[in-house]
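Contents: one structure, followed by commentary.
The values are calculated or read from the model by the stated rules, or taken from the named source; none is laboratory data. Because the structure is predicted, anything quoted here is derived from the model rather than measured. Positions of Cβ are backbone-derived with ideal geometry, glycine not excepted, and every protein chain shown enters the neighbour counts. Accessible surface areas use protein heavy atoms only, side chains included; no ligands, DNA or RNA. Shrake-Rupley method; radii C 1.70, N 1.55, O 1.52, S 1.80 Å.
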Amino acid sequence: IPLRALAQSGSALLSLPVATAHRGESIVVPLRLDNLAGRALAAAEIEVRFDAQMLSLEGIEAAGALAQSWQVQHVIRADGENQIVHAVLTGVESIATDGELLSLVFRVDAAAPFAALGELEIAAAALEQPPTGDLLSVRWQHGGVRVGVPPGLWTNEVLRVDEGQSAAIDGTLLEVRDADSEAGELRFVLVDVPDNGSLIGLQGPLGAGSRFSQADVNGGILRYGHNGGETTED
């Protein structure tokens, strides 16, 4: 369908959230369609403008409310310092439900400044209603991708145990904090095992490559057990 200018009013709403990712990471940003008031959708043509100096588009696909038979085609074109992704959606089946319309996958530039916000702006949209081909009136809300501050080591204290004994490594001894993540999302990978004892999780001793989270540490799940040898440090 040809892209046509629409009045910025009406019940159909397209919206993009503000999402958070770290530098060099990819992130999925959903484009949501709401307030259809039970009306079906036959096709759509949408343009999203994004900051090309901070974000690059990795992919786009139909999601959520759209039937599997829907197809998405898109092209990228320059718009000064920004870029525009022009997406056309067509399908055999129409929908009459609210929900995610597209999933847009962006990658944050590895050199992007921390705490910066790359804006995502819906530049234009046309939603076609079956069977007449009439265009639905649509309005939109803009979003963005915020670059999160990386996790930081907050506490790293020495654990002392008696010979042959064990004790928990809890949050008073080891803590990593991140402004964008919960404790369960902050994960450690054990690079090397202790020489004179074992790190112990819920399932027993941990080997190289084992993982645990800050939530495990905070809950006292992670323990160190000394092997009883005549050693004074590990």
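See the values below:
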{"read-out": "Condition check for VAL145: open to solvent by 40 Å² or more (accessible area, probe 1.4 Å) and either touching a residue at least 12 places away in the same chain (Cβ under 8 Å) or closer than 30 Å to VAL108 by Cα (or both)", "value": "no"}
{"read-out": "Matching residues in segment 160-197 - criterion: being among the polar types (S, T, N, Q) and open to solvent by less than 40 Å² (accessible area, probe 1.4 Å)", "value": "SER181, ASN196"}
{"read-out": "Any strands (runs of 3 or more DSSP E) falling wholly within segment 131-231 and containing at least 1 residues that are over 30 Å from VAL48 (Cβ atoms)", "value": "152-156, 166-168, 174-177, 187-189, 197-201, 211-213, 223-226"}
{"read-out": "Residue match in segment 19-26 (condition: more than 30 Å from GLY148 (Cα to Cα) and either in contact with a strand residue (DSSP E or B) (Cβ under 8 Å, 6 or more places away or on another chain) or at pLDDT 90 or above (or both))", "value": "no"}
{"read-out": "Number of the condition not met by VAL92 [criteria: (1) open to solvent by 70 Å² or more (accessible area, probe 1.4 Å); (2) outside any loop (DSSP other than H, G, I, E, B); (3) modelled with pLDDT of 90 or more]", "value": "(3)"}
{"read-out": "Total residues in segment 99-114, condition open to solvent by 70 Å² or more (accessible area, probe 1.4 Å) and either touching a strand residue (DSSP E or B) at 6+ places or on another chain (Cβ under 8 Å) or aromatic (Phe, Trp, Tyr) (or both)", "value": "4"}
{"read-out": "Search result, residues across segment 1-17 that are of a type outside the set (S, T, N, Q), surrounded by fewer than 19 Cβ atoms within 10 Å (Cβ to Cβ) and modelled with pLDDT of 95 or more", "value": "PRO17"}
